[in-house]
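Values in this text are rule-based calculations from the coordinates and carry no lab data. Note that this is a predicted model, so its numbers are computed, not measured. We place every Cβ from the backbone using ideal geometry, glycine too, and count neighbours over all the protein chains shown.
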Amino acid sequence: MQNNNARRRKPPTSYIRNRENNRESLKTCGMLLIQTMMTRIAREGQGSKRLCMYMGEMLHSIFFLGYIHQDRLTPDDFFEICTSQQDMCNMFPEPFRKYNSHLPTRTPFSILLDMMEILYSTKRLKEELLHLLKEMKFPNPLHKPGSKQEQYYTLESTVICECSDSDSQKYYGASLCCRKGAAKVILIDLSCLKTWHKFISHAVMSFSSGAGDSIMFPESLRCQAYVRNWKTNVYEERKPCLNCRDLFNLQDANPDKVEYPFGNCAETECLSKLLINNQYMRENAVINNHTEENLEELRSSTEARLIKQLVKVGIEVSDNNLLFYAPFQIQTGD
Ligand SMILES: [Zn+2]
């Protein structure tokens with residue numbers, strides 16, 4: 001016992017250093033994202049009301065991730081290195097008030113994708129996103145080989161996905177950018193309950209709980225993920241992982257073992273957007289065992305697990321009392 005206590009009092013220096021790097025990285029990336037997007041909106045957004053609403057949602061999502069971080073960052077911590085806090089607070093009072101009472105429905109990077117689409121249309125999205133990421137100089141999010149500890153918390157999603165029905169209107173999705181602690185699982189559960197199309201939520205929740213009801217899409221589906229090569233700043237094609245093969249029946253999967261949870265990948269968000277927006281896909285995609293009762297059962301166990309997780313990270317919630325920060329009503333049903 002004494003040994004254990006002694007160890008608890010004195011964590012190794014490398015642990016302290018990594019933890020500090022991780023915290024500073026989240027703060028820096030949060031501020032970089034906020035400042036860069038504020039400049040973009042002012043320069044190219046021509047005061048678009050929709051862009052401003054996304055900006056508020058992005059601030060909230062960043063503050064929430066900071067708050068549930070192991071070092072519990074507040075908005076004040078993010079603005080330590082910057083003088084614009086009062087201005088931002090006047091412009092976007094809601095995120096400053098609701099970051100620890102209301103839940104985000106997606107990550108800052110997913111919100112960024114929607115903002116980029118408004119600013120540059122889907123045609124230029126990938127190219128403009130690369131410019132933006134180069135400009136922001138986020139640290140390399142991938143941990144160094146041999147050291148799982150030395151990974152940075154950046155807000156960048158390393159993988160994005162592009163999908164469409166026979167190359168018509170394209171949709172974009174991002175992998176989950178929160179790499180540490182409970183944030184990943186919390187965001188997946190929140191997305192299942194609030195954000196994704198019900199087929200996607202059903203598939204993810206069923207695989208997470210063991211049974212596994214997969215979705216079969218029509219043959220006209222086009223779905224391609226890309227990973228950003230951090231050195232060359234180019235998006236390179238990436239095969240689907242085994243989880244995505246199981247969830248969405250995607251072909252030609254990479255056989256490597258997967259270490260992240262179901263729903264983590266960019267394919268999930270992207271295919272959800274396709275189902276929400278494309279009637280043909282919605283009417284012709286098939287999912288096993290999809291009944292309202294089954295879905296409801298999966299939703300209640302997900303909600304119960306989510307509430308437990310939220311309590312652990314210091315967000316107080318009770319049953320039937322999940323409050324969301326959702327400036328746009330997302331249509332996830334039929
Ligand atoms: Zn995947």
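Okay, here's what the table says:
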quantity: Loop-exposed GluC sites (Glu not before Pro) per DSSP, neighbour cap 12 Cβ within 10 angstrom, longest uninterrupted part of the chain; calculated: 1-218
quantity: Net charge of Cβ neighbours under 13 Å - reference PRO240; Lys, Arg +1; Asp, Glu -1; calculated: -2
quantity: Computed [θ] at 222 nm, deg cm²/dmol, the chain (DSSP H ≥ 4; -39,500 (n - 2.57); rounded to nearest 500); calculated: -16000 deg cm²/dmol
quantity: Overall form of segment 179-280 per C-alpha gyration tensor (a/c, 1.5; a/b vs b/c); calculated: rounded
quantity: Solvent-free Debye scattering, log10 I(q)/I(0), computed from the Cα coordinates of segment 204-334 at q = 0.10, 0.17 Å⁻¹; calculated: -0.42, -1.13
quantity: Percent breakdown of C-alpha pair distances by 20 Å bin, ordered from the shortest bin, for the chain; calculated: 30, 60, 10, 0
quantity: Neighbour cut-off at most 16 other Cβ (10 Å), DSSP loop, trypsin sites (Lys or Arg not before Pro), segment 186-293; calculated: LYS231, LYS257
quantity: Counted charge near CYS163, where neighbours are those whose Cβ lies closer than 12 Å (Asp, Glu -1; Lys, Arg +1); calculated: -2
quantity: Cut-off 14 Å between beta-carbons: net charge of the residues surrounding PHE96, Lys and Arg +1, Asp and Glu -1; calculated: -3
quantity: For segment 55-68, 3J(HN,Hα) per residue [Karplus equation, 6.51 cos²θ - 1.76 cosθ + 1.60, θ = phi - 60°, Hz, x = Gly/Pro]; calculated: 4, x, 5, 5, 4, 4, 5, 5, 4, 4, 4, x, 5, 8
quantity: Calculated FRET value between THR74 and ASN289, using beta carbons and R₀ = 56 Å, to 0.05; calculated: 0.80
